[in-house]
Amino acid sequence: MTTKDISQRNDRSNGLKVFQTPDGQYYVESSEGKICYRVTGNNGSKSCTCGDFTSMIAKDPNFVCKHILAVINGNGNIRKVDVLQNVVPKLDERFITRIKAKEFVLYSGLLDLAHQKGIRRMIVEPVQYPTKDNKMEAICKATVESMNGELFVEIADANPLNVNRMVAEHILRVAATRAKARALRDFTNIGMTCLEELGDFEDVADDDPGRSRTRTRRETRTEAPITEKTNQAPPKEQHKGGATADDRRKEDHQAKKESGKEAEPGNAPDAGAKAPGEREKDQKAPDTKTAEAQVKPSEAQIKAIEKLAERRGINGEQLVKMFTEKYQKPFVQINASEAKGFIRHLQQAA
């Protein structure tokens with residue numbers, strides 16, 4: 001380095017904050033004040049972790065950066081600091097969501113906590129690719145390695161019956177995400193199920209807090225799903241006593257006939273009795289907002305969302321993220337009113 005170069009870097013070093021730890025290490029704050037570079041000395045030579053020093057030292061063995069000069073000159077800016085206490089890794093509450101009075105952790109929260117604890121690497125391997133022969137089921141294995149060499153291995157599956165229909169075309173990626181989530185939960189010691197492990201909102205079960213259920217939607221709902229395509233008619237609804245919906249309608253029809261006969265002269269009901277319509281009016285009307293929140297989106301609404309997403313080149317994962325950012329809730333909780341608003345949002349978006 002020339003005298004002119006050293007002089008210029010001396011000027012740049014003025015005002016830089018220098019911190020000294022009890023073990024003799026120096027940390028120099030960048031000009032922007034965003035990060036610190038570590039300056040070390042060994043047998044008379046000094047080094048710095050900044051990019052300028054790393055790129056120039058190979059060309060000039062005598063090169064010194066402004067951070068090294070800040071330590072050498074001192075400039076009255078060297079401050080002694082105590083060693084910070086070890087910060088205990090903690091899961092941020094913003095990565096926790098509640099569904100049906102149960103808490104679930106988001107994958108992004110697990111990843112954040114893993115980096116706090118010190119993750120070295122994470123490897124995902126496909127064990128089984130989805131094909132028609134295996135009913136489009138994908139299986140992946142994830143391995144998480146900590147900084148001290150500990151390994152955490154988990155596997156997970158995904159098929160069209162245990163994933164949300166919005167990501168049904170990305171079975172392999174869903175299986176990979178589930179496997180990674182489970183391995184990260186083992187690594188971070190988180191007992192809550194990851195939201196991305198769930199196949200659908202209805203998969204939340206009271207008897208299985210540790211893993212998501214992989215039942216079909218027909219098994220988890222009391223009526224035929226309105227968002228599923230099927231070539232078969234839904235099974236007849238069963239009522240008390242084993243009667244089907246058709247039997248119930250026949251009974252209602254017969255009851256109307258009998259009530260008509262009772263209305264004839266000589267069969268008039270008691271004066272104090274109320275007609276069925278009047279009894280219904282006396283019942284308290286349900287809360288409108290609560291009722292709207294429980295109405296599932298129609299098949300036409302779901303198709304409209306999918307078509308709009310396809311025209312705009314939005315895949316299933318991106319669509320789910322857009323909905324979550326707009327309504328601050330998982331896509332699996334979408335209701336008819338939100339579906340209507342989301343369609344307008346997709347139509348107006350550029």
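The values are calculated or read from the model by the stated rules, or taken from the named source; none is laboratory data. This one's a predicted model, so the numbers in the text were calculated from it and none came from an experiment. Positions of Cβ are generated from backbone atoms using ideal geometry, with glycine treated the same way; all protein chains shown enter the neighbour counts.
For this structure, a couple of remarks:
- When Val144 is tested against (1) modelled with pLDDT of 90 or more; (2) surrounded by fewer than 22 Cβ atoms within 10 Å (Cβ to Cβ); (3) among the β-branched types (Val, Ile, Thr), only condition (2) is not met.
- Listing of helices (runs of 4 or more DSSP H) fully contained in segment 30-140 that carry 3 or more residues being modelled with pLDDT of 80 or more and either in contact with a strand residue (DSSP E or B) (Cβ under 6 Å, 6 or more places away or on another chain) or among the β-branched types (Val, Ile, Thr) (or both): 66-73
Matching residues to (1) closer than 19 Å to Val332 by Cα; (2) buried (at least 21 other Cβ atoms within 10 Å of the Cβ); (3) not assigned by TED's automatic domain parsing to the domain that holds Lys307:
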site	(1), (2), (3)
Val105	yes, yes, yes
Lys117	no, no, yes
Arg120	no, no, yes
Val124	no, no, yes
Ala158	yes, yes, yes
Leu161	yes, no, yes
Arg165	yes, no, yes
Arg178	yes, yes, yes
Arg182	no, yes, yes
